[in-house]
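> The structure is given below, and queries will be raised subsequently.
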Amino acid sequence: MTVGTGSVLVTGGTGYIGSFTVLALLEAGYKVVIIDNLYNSSVEVINRIELISGKRPIFYELDVTDDAAFDKIFSEHPDITNVIHFAALKAVGESTEIPLEYYRVNVGGTISLLRAMSRHNVYNIVFSSSATVYGDATRFPNMIPIPEECPIGPTNPYGRTKSMIEAVITDHVEAQRKNAQKAGKSGEEWNGALLRYFNPAGSHPSGIMGEDPQGVPFNLLPLLAQVAIGKREKLFVFGDDYASKDGTAIRDYIHILDLARGHLVALDYLREHQPGVRAWNLGTGRGSTVFEMIKAFSAVVGRDLAYEVVDRRAGDVLDLTANPRRANHELKWKAEHTLEDACADLWRWTSNNPQGYRQSPPQELLAP
Ligand code: NAD
Ligand code: WQD
């Protein structure tokens with residue numbers, strides 16, 4: 001990885017994946033400007049990033065649908081040359097209840113951002129897409145593990161915002177590149193990385209930085225962690241009648257540190273190869289069932305965790321495992337942390353910070 005120069009604008013940079021990417025950017029030498037409206041995050045994460053890295057990102061509490069806000073940021077920080085765009089609403093169930101809000105924030109916010117980038121001559125965007133764009137890839141023979149060539153087919157409004165944004169970015173980048181070519185302007189080529197994340201997991205090994213959603217979590221590992229600290233009586237396992245080895249659904253859980261690093265290598269790739277728009281899966285290539293996850297997390301906690309099998313959750317699919325070969329070869333990126341690391345780090349974070357960022361970190365975890 002090259003040493004970072006210049007500033008990176010990170011939207012949604014106080015959220016779970018955003019905050020770990022900000023940390024990785026600062027550690028690599030970039031300056032970072034965050035905008036986030038704190039809808040699903042806490043500003044305390046900025047202090048934790050500084051505690052770990054010794055560097056503090058610049059933070060603005062702003063909304064990504066606010067055109068004037070972007071003008072202010074790009075004008076005040078003319079050294080911003082790259083953007084990483086995380087800010088979004090992300091609850092699949094909620095997206096079926098208030099779809100317009102999802103299209104407004106996710107798609108509308110991206111359009112505001114791209115327009116502002118055009119006004120301020122910023123050409124590189126890395127976008128948080130999702131494995132959810134593939135929908136049920138098992139409908140295609142030979143598409144598990146899932147390569148980027150797998151036809152996309154999201155099955156819910158949240159997923160459709162992601163596939164629409166991929167299309168919006170692709171169309172915009174292609175149009176801008178053609179315009180630049182016609183005008184004979186070199187050095188103004190737009191580029192976009194569409195990073196399709198599989199299931200992010202884990203926390204910082206220090207135990208002072210982790211996922212801290214503002215409402216009730218709905219992902220498997222945060223829910224299991226709540227069972228382990230006694231906030232929940234048991235985990236409901238959504239179906240044990242899938243065509244997997246133990247009947248539960250298969251996902252590709254990727255450590256948050258590996259995922260964060262993926263954004264830095266994508267930035268490097270855009271700068272060095274000027275590829276236009278390119279999609280990459282960020283996953284490990286290894287699938288785990290729900291029962292395997294319960295076993296792995298119970299092992300780090302040191303006791304069995306209660307669960308009950310219930311009906312399948314609407315919209316769930318059998319298998320979302322990445323074929324990460326394109327990222328392995330082109331980005332020279334490979335997930336390095338194990339599932340056991342992710343479980344151990346998550347447990348260190350949850351057991352030491354049951355109130356997340358609403359409490360001070362335990363003194364013994366702070367470096368002397
Ligand atoms: P998160 O909710 O922790 O982070 C999103 C951040 O965006 C939050 O800090 C939130 O406050 C902010 N935000 C929301 N609406 C905003 C608005 N209108 N203006 C400014 N900020 C706003 O979620 P995350 O898990 O870190 O996800 C980050 C990105 O990755 C999202 O785009 C999400 O769709 C995508 N993604 C997440 C997962 C996952 O499982 N966590 C998987 C695939 C893709
Ligand atoms: C994992 C597995 C569940 C909770 C979601 C979004 C996806 C992406 C990542 C943003 C599944 C099972 C879960 C529980 C369970 N986000 N499970 N009991 O559904 O793979 O992906 O988050 O882009 O878009 O859909 O993740 O953590 O919810 O579920 O049995 O209480 O755990 O059925 O098999 P999912 P998850």
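The values are calculated or read from the model by the stated rules, or taken from the named source; none is laboratory data. No experiment lies behind these values; they were computed from the predicted model shown. As a convention, Cβ positions derive from the backbone with ideal geometry for all residues, glycine included, and neighbour counts pool all protein chains shown. Ligands, DNA and RNA are excluded from the accessible area calculation, which covers all protein heavy atoms including side chains. Shrake-Rupley method; radii C 1.70, N 1.55, O 1.52, S 1.80 Å.
> Treating only the Cβ atoms of Lys and Arg (+1) and Asp and Glu (-1) as charged, compute the dipole magnitude of segment 267-357 about its Cα centre; round to the nearest 20 debye. Don't skip to the answer; put the middle values down first.
Values: 12 positive and 13 negative charges, 56 e Å.
For this selection, approximately 260 debye.
> Taking the chain as a Gaussian network, Cα atoms linked when under 10 Å apart, which of Phe127, Phe236, Phe70 shows the biggest mean-square fluctuation?
Phe236
> Pop the C-beta distance of Gln181 and Arg56 into the FRET formula with R0 = 45 Å and round what comes out to the nearest 0.05.
0.65
> Report the rotationally averaged projected area of segment 1-151 based on its alpha-carbon convex hull, in square nanometres. Mind showing how you got there, number by number?
Values: hull surface 41.9 nm².
The directionally averaged projection comes out at 10.5 nm².
> Counting other Cβ atoms within 10 Å, which GluC sites (Glu not before Pro) in segment 92-201 have at most 11 and lie in a DSSP loop?
On the way: sites: Glu94, Glu97, Glu101, Glu148, Glu149, Glu166, Glu174, Glu188, Glu189; in loops: Glu148, Glu149, Glu188, Glu189.
In loop regions of segment 92-201 (DSSP not H, G, I, E or B), the sparsely surrounded GluC sites (Glu not before Pro) are Glu149.
> Would you mind computing Rg(Cα) / (2.2 N^0.38 Å) for segment 1-45, counting N as its residues? Could the numbers behind the result be given before it?
Details: Rg = 10.5 Å, N = 45, 2.2 N^0.38 = 9.3 Å.
So the Cα radius of gyration is 1.13 times the expected 2.2 N^0.38 Å.
> Restricting to Cα pairs below 8 Å that are 6+ residues apart, what does the relative contact order work out to for segment 7-356? Please round to a whole percent.
19
> Kindly report the accessible area of segment 101-178 per residue (heavy atoms of protein chains, probe 1.4 Å, no ligands, DNA or RNA), in Å². Don't jump to the answer; show the numbers that get you there.
Details: 3020 Å² over 78 residues.
Per-residue accessible area for segment 101-178 comes out at 39 Å².
> Something else now. When the expected Rg is taken as 2.2 N^0.38 Å, what fraction or multiple of it is the alpha-carbon Rg of segment 206-330?
Dividing the Cα Rg of segment 206-330 by 2.2 N^0.38 Å gives 1.25.
> Given R₀ = 22 Å, FRET efficiency for Val168-Ala314 by Cβ-Cβ distance, to 0.05? Working shown, then result.
Numbers: r = 28 Å, r/R0 = 1.26.
So, using R0 = 22 Å, E works out to roughly 0.20.
> Expressed in nm to one decimal, what extension gain is obtained for the pair Asn328 and Val43 from 0.36 nm per residue of sequence separation less their Cα-Cα distance?
On the way: separation 285, 0.36 × 285 = 102.60 nm, distance 3.38 nm.
Once the chain is fully extended between Asn328 and Val43, it gains 99.2 nm.
> Further question: Greater than 22 Å separation of Cα atoms is the criterion. Which listed pairs, Lys234/Lys334; Lys90/Lys178; Lys31/Lys72, meet it? Present the calculation step by step, with values, prior to reporting the outcome.
On the way: Lys234/Lys334 34 Å; Lys90/Lys178 33 Å; Lys31/Lys72 17 Å.
Flagged as over cut-off: Lys234/Lys334; Lys90/Lys178.
> Compute the distribution of all C-alpha to C-alpha distances in the chain, in bins of 20 Å from 0, and list the percent of pairs in each, rounded to whole numbers.
Answer for the chain: a P(r) of 29, 60, 10, 0 percent.
> Sticking with this one: Would you mind working out the magnitude of the charge dipole of segment 7-356 relative to its Cα centre, with +1 at each Lys and Arg C-beta and -1 at each Asp and Glu C-beta, to the nearest 20 Debye?
Details: 35 positive and 43 negative charges, 118 e Å.
I would put it at about 560 debye.
> For segment 315-368, with all protein chains present and a 1.4 Å probe, just round the carbon and sulfur fraction of the accessible area to a whole percent.
Percent of accessible area from carbon and sulfur atoms in segment 315-368: 50.
> Oh, and also: Under a GNM of the chain (C-alpha, springs under 10 Å), which listed residue has the highest mean-square fluctuation: Glu27, Glu336, Glu308?
Glu308
> At a 1.4 Å probe radius, carbon and sulfur cover how many percent of the accessible area of segment 86-231?
Working: 3180 of 5950 Å².
In segment 86-231, the share of accessible area belonging to carbon and sulfur is 53 percent.
> Which residue, chosen from Pro354, Gly109, Asn82, occupies the Cα position most advanced towards the positive end of the dipole of the chain, where the dipole is computed from +1 (Lys, Arg) and -1 (Asp, Glu) charges on Cβ about the Cα centre?
Final value for the positive-end residue is Asn82.
> Testing the spin-label approximation: label points 7 Å from Cα along Cα→Cβ at Asp66 and Leu100. State their distance in nm.
Each label point lies 7 Å from its Cα, and together they span 2.3 nm.
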